[in-house]
Every structure is written in structure tokens, then in C-alpha cells.
Amino acid sequence: MFVRGIPAVWKRFSSSSSTTTIVTKAIPSKTHLHAPLPDSTFPKGYVLTGLHCGVKKKPELLDLAVILSTSSRPTSAAACFTRNAFKAAPVVVSQEVLQRNNGRARAVVVNSGCANAVTGKQGMEDAWAMVRATDTLLPDPQSSSETLVMSTGVIGQNLPITKILEGIRSQVPSGSRTLGSTFEAWERAARAFMTTDTFPKLRARRFEINGKQYHLAGMDKGAGMIHPDMGPPSGQLHATLLGCILTDAAISPRSLQSALTYAVDRSFNSISVDGDMSTNDTIIVLANGAAADSKEPEIDEERDPLAYEAFKQELTSFAADLAQLVVRDGEGATKFVTVTVEGAPTYKDAHAVASRISTSALVKTALFGEDANWGRVLAATGSIPLSEPIVPSRVNVSFIPTDGTAPLPLLVHGEPEKVDEARAKDIISQEDLEIKVELGLGSESAKYWTCDFSYEYVRINGDYRT
């Protein structure tokens, strides 16, 4: 058996009784990726909690998160959802809430341990029941639903909805309420998102627009079934990845959605653990204006394009930080790899090549084996049709170490370099590294973040339901 963080030995026996011994590598510790944050770094006007309601068997595991905006200003909401054809009930319900309310919502409720996906009519009824129960926790609840819902876990099983509703109702003012705004409250909510994650993924930061200070905080979950392709609710409706980002800036609903769509394309839609797309992927952003003056207008891309651009870039950078945590916690991962593609005719071309390299099983297994087999990178690059055909004599491939030393050219203008194999091995043996491909066809670039495939990934997913 493999114990996380401790090498183990596997033996495979053939019919001739010969034995192949495979010594696995220790999974790097992830404890340094989570640490307490000052309460002052979190956005104003939110209360949240995480609790155990019984979706998961072990009582010490949190499985229900509740997030409420308490701001007196209207709260804008935006989301990007999976494009998988088998969209889970909470995805469908959240889309409908956003469309009914023209981009306004004040609450988010999340359960982990059961995806409520491919659950038919009962699944839809359960998702709406979670929405209605959470609506009652809001100050001055409105006639229309104002809660967005997310679920993650095993597909094809119904929610233990009675337990979930009891958990939500425990947060009424007269109940055993644990809602709060401290770091501990944010951390509980982040833990309630987790399934095979090994640490709660929580980040917060301050930023300024026009000399005024605002805050961003967010949490996400994901370690396997990660290759998102999410779009806005009005778009065509590819991961399990859930994320919630909260800000106390005042942003108009249409501009919040526009900023999130841009940010997701350059963050959550640019990560891959295993190349598999879930039925539930959802990223939600709430902007409650609690740090803005009462009469201050909402930031809007048409009325104040400079302020909007500043917010969009902050959101994109923050979303990228959260997205990279998912890759670092990839199931069984021992490497964090940045794939950079430059010199493409379009961003779409660069993104497609980076995605193909990041999902190649041959590239990912070579990374795990610390084999500098750059020919696999080149083969993946050439397998994608682009808006302009690749000219092999223009292509460069390099390994970029993260210790500040010089890059290692592997292919220059289509010609293989005489590679220092010892140095290549040294670079690829590092926990963090970068693979850079230059196409020589234009000026557009894109980044993807990925990890390796290990024996531990197979073990985790071979007995996921047990």
C-alpha cells in the first residue's frame, strides 16, 4: 500500500515468475501551501462557515459551506460553468438564478462528497431545496431566490438532502450558528469544499483602484478530474473544480461577468491534472460593494474603462493564484510544470498547443520519471491544427529552471541541440520547472499549468468510491 509522503514498493509478477520491482517516489509535502491569514485581508460584508452535516461518513470532515453577503448595497454575481453535456443539477439551477436576477445574488451554498450530477428530477429538486433553505438565512430575503449552489463528489448518487437542509437551517440566528468573518470562518468554509484535496485552498489580498483600497478573497477545490473549459451562463454549456471569489468592490453585473470570463480563460481554463472534464465545474464571483462609499457608482467597463481594466487584471492574477493551487495539489503529483507557448498567430492557437502538451500522457509520465524526453513535447506540439500551419524550422523548445540559472535549449530553429543530459536531468528533477515552446508564427502567447502522472494517481482513482 502507498502511504502519502512515504515511498512504497510495488511488485508485478509475470507468468514466468520473474519480478519487476517499482519503487515509487514520495509525494512532496503540501503543508507550506496553507497558512493563517490576518482577518484584515478579507473582504468586508461577508459571513461564512463550514460544517459537517453528514454527506461524508467521518464526522471530522466538513461537507457543507454557507457564504452570505451582508452588505447594504446590491451584490453583483457572475459565474463560469462547465461545458460538459451532462451538466449537474446545481450548475443548471445556478445558471437559472443568475439569469432570473440579471446577475444579482447574495449567497452561495456548497456541499462536498456528492456531486448531485446525473440525478434526474430528484437532483433538480434537491438543488432548489438547498437554494431556498439558504435564502432564508439572508437579511431581508426577497421573493426571488438569491442563492447560487455548488456540489462536488461522486457522480450518479442522490444527495442526503434531509441532512443537508438540517445543516443549512442550523445557521439561523436562533440555531447553533457558526457563521463569522474571521480567518477561522473562512478556513472552515474552504475545508468544506474539499474531496481528495490535501489542504484547504484559501487566498486573500488587498488591491487599489483610483486610490481606494478593496479586498479579494477566494477558495477553490480540486485535485483530480481537472481539465476545465468553463464559460459564462449565457454561453454554450468542459472538470471537478469549484471556486468562489468574493470582493468588497462595487462592480456592475455585466462587467463582473466580463472580467470573470476573461480571468477564467487565463487561469482555471489553463490548468490540467489529468485531462478529464467534470460535470460540475463552477467558478462564482460576488461583488458586494461593502468597501465602496454608499453613493459610489459601480465600476463599469463602459462608464469607467480604466477602473474596470484595473479590476479585471487584479481578478485575473488572483484567479491564476487559486488555479495553480489545484495543480500543486494534483492527485499523486510530484511536479508543478508551467508550459509556455510563445510566437503563436493567436491566443487561441497558443492556448491550444499549451493544453495539448499539458494533457499528453507521454509528457506527463516522462516528467514523473524525470526523463528529459523533449521529443514528446514536440510531438504534442505538432498534433494540433492551428490557424496557420507550423513551420518546423522556426520552432524552439527549452527547459527553464526555476532557480534562476540559464535556460537549456533542446531544439533551436527545428534543429536538435547537443543536450547536456546531466543538466537536463537536474532541471527536470526539480519540483517546479517550465517547458517553453516558441512557434515563430506571430506575437501571441499563453501559459498552462500542469503536473506529472504518478503511480499514486492510479491508486487514488482506482479505488475512489471505496
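The values are calculated or read from the model by the stated rules, or taken from the named source; none is laboratory data. Since the structure is predicted, the reported quantities are computational estimates derived from the model, not experimental observations. Backbone-built Cβ (ideal geometry, glycine too); neighbour counts: all protein chains shown. Quick note on the areas: whole protein, heavy atoms, side chains included, nothing else; ligands and nucleic acids left out. Shrake-Rupley method; radii C 1.70, N 1.55, O 1.52, S 1.80 Å.
Quick grid of which residues meet (1) under 23 Å from the mean Cα position of the chain (by Cα); (2) closer than 22 Å to Met219 by Cα; (3) polar (S, T, N, Q):
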{"residue": "Arg106", "(1), (2), (3)": "yes, yes, no"}
{"residue": "Val109", "(1), (2), (3)": "yes, yes, no"}
{"residue": "Thr119", "(1), (2), (3)": "no, no, yes"}
{"residue": "Pro141", "(1), (2), (3)": "no, no, no"}
{"residue": "Met150", "(1), (2), (3)": "yes, yes, no"}
{"residue": "Lys163", "(1), (2), (3)": "no, no, no"}
{"residue": "Ile168", "(1), (2), (3)": "no, yes, no"}
{"residue": "Ala192", "(1), (2), (3)": "yes, yes, no"}
Checklist line | Residues located in region 320-334, provided they are in a loop (DSSP other than H, G, I, E, B), of a type in the set (D, E, K, R) and out of contact with any helix residue (DSSP H, G or I) (no Cβ under 6 Å at 6 or more places or on another chain) | finding: Asp329
Check: Looking at (1) closer than 24 Å to Ala323 by Cβ; (2) at pLDDT 95 or above; (3) charged (D, E, K, R); (4) in a helix (DSSP H, G or I), which is the only condition Glu456 fails?
Finding: (2)
Check: Do we find a residue being at negative phi, in contact with a His (Cβ under 6 Å, 6 or more places away or on another chain), open to solvent by 10 Å² or more (accessible area, probe 1.4 Å) and at pLDDT 95 or above anywhere in region 208-228?
Finding: no
Notebook entry, point to check: Would you pick out the residues in region 420-440 that are assigned to a loop (DSSP other than H, G, I, E, B) and in contact with a strand residue (DSSP E or B) (Cβ under 6 Å, 6 or more places away or on another chain)?
Noted result: Leu439, Gly440
Next item on the list: Among the residues of region 43-62, write down those that are touching a helix residue (DSSP H, G or I) at 6+ places or on another chain (Cβ under 6 Å) and crowded, with 24+ Cβ neighbours inside 10 Å.
Entry: Leu48, Gly50, Leu62
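A quick yes/no check of all residues on (1) under 20 Å from the mean Cα position of the chain (by Cα); (2) at pLDDT 95 or above:
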{"position": "Thr20", "(1), (2)": "no, no"}
{"position": "Ala26", "(1), (2)": "no, no"}
{"position": "Ser40", "(1), (2)": "no, yes"}
{"position": "Ser69", "(1), (2)": "no, yes"}
{"position": "Val91", "(1), (2)": "yes, yes"}
Notebook entry, point to check: Do any residues in region 169-188 that are in the same structural domain as Ala133 (by the TED database) have Cβ atoms under 6 Å from those of residues that are at pLDDT 95 or above and among the charged types (D, E, K, R), where the two are at least six apart or on different chains, and which pairs are they?
Noted result: Thr182/Asp39; Phe183/Asp39
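If you take the residues in region 409-466 that are of a type in the set (Val, Ile, Thr) and more than 26 Å from Asp274 (Cα to Cα), which one is surrounded by the fewest Cβ atoms within 10 Å (Cβ to Cβ)?
Top of the filtered list is Val412.
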Next item on the list: For Ala77, state whether it is at pLDDT 95 or above and either among the small types (Gly, Ala, Ser) or part of a helix (DSSP H, G or I) (or both).
Entry: yes
Notebook entry, point to check: Of (1) under 28 Å from the mean Cα position of the chain (by Cα); (2) on the phi < 0 side of the Ramachandran plot, Leu410 satisfies all except one. Which?
Noted result: (1)
Notebook entry, point to check: Among the residues of region 280-312, how many are open to solvent by 10 Å² or more (accessible area, probe 1.4 Å), assigned to a loop (DSSP other than H, G, I, E, B) and more than 28 Å from Ser40 (Cβ to Cβ)?
Noted result: 3
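Residue-by-condition table, conditions (1) open to solvent by 30 Å² or more (accessible area, probe 1.4 Å); (2) at pLDDT 95 or above; (3) within 23 Å of Asp63 (Cα to Cα); (4) out of contact with any Ser or Thr (no Cβ under 9 Å at 6 or more places or on another chain):
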{"residue": "Gly231", "(1), (2), (3), (4)": "no, no, no, no"}
{"residue": "Cys244", "(1), (2), (3), (4)": "no, yes, yes, no"}
{"residue": "Ile251", "(1), (2), (3), (4)": "no, yes, no, no"}
{"residue": "Ala259", "(1), (2), (3), (4)": "no, yes, no, no"}
{"residue": "Ala263", "(1), (2), (3), (4)": "no, yes, no, no"}
Note to self: Among (1) more than 22 Å from Glu298 (Cα to Cα); (2) in a loop (DSSP other than H, G, I, E, B); (3) among the small types (Gly, Ala, Ser), there is one condition Ser71 misses while meeting the rest; what is its number?
What the structure shows: (1)
Item checked: Failed criterion for Gln95 (all others in (1) within 20 Å of the chain's Cα centre (by Cα); (2) buried (at least 20 other Cβ atoms within 10 Å of the Cβ) hold) -> (2)
Notebook entry, point to check: Considering only residues of region 313-338 that are among the charged types (D, E, K, R) and open to solvent by 40 Å² or more (accessible area, probe 1.4 Å), which is farthest from Ala204 (Cα to Cα)?
Noted result: Arg328
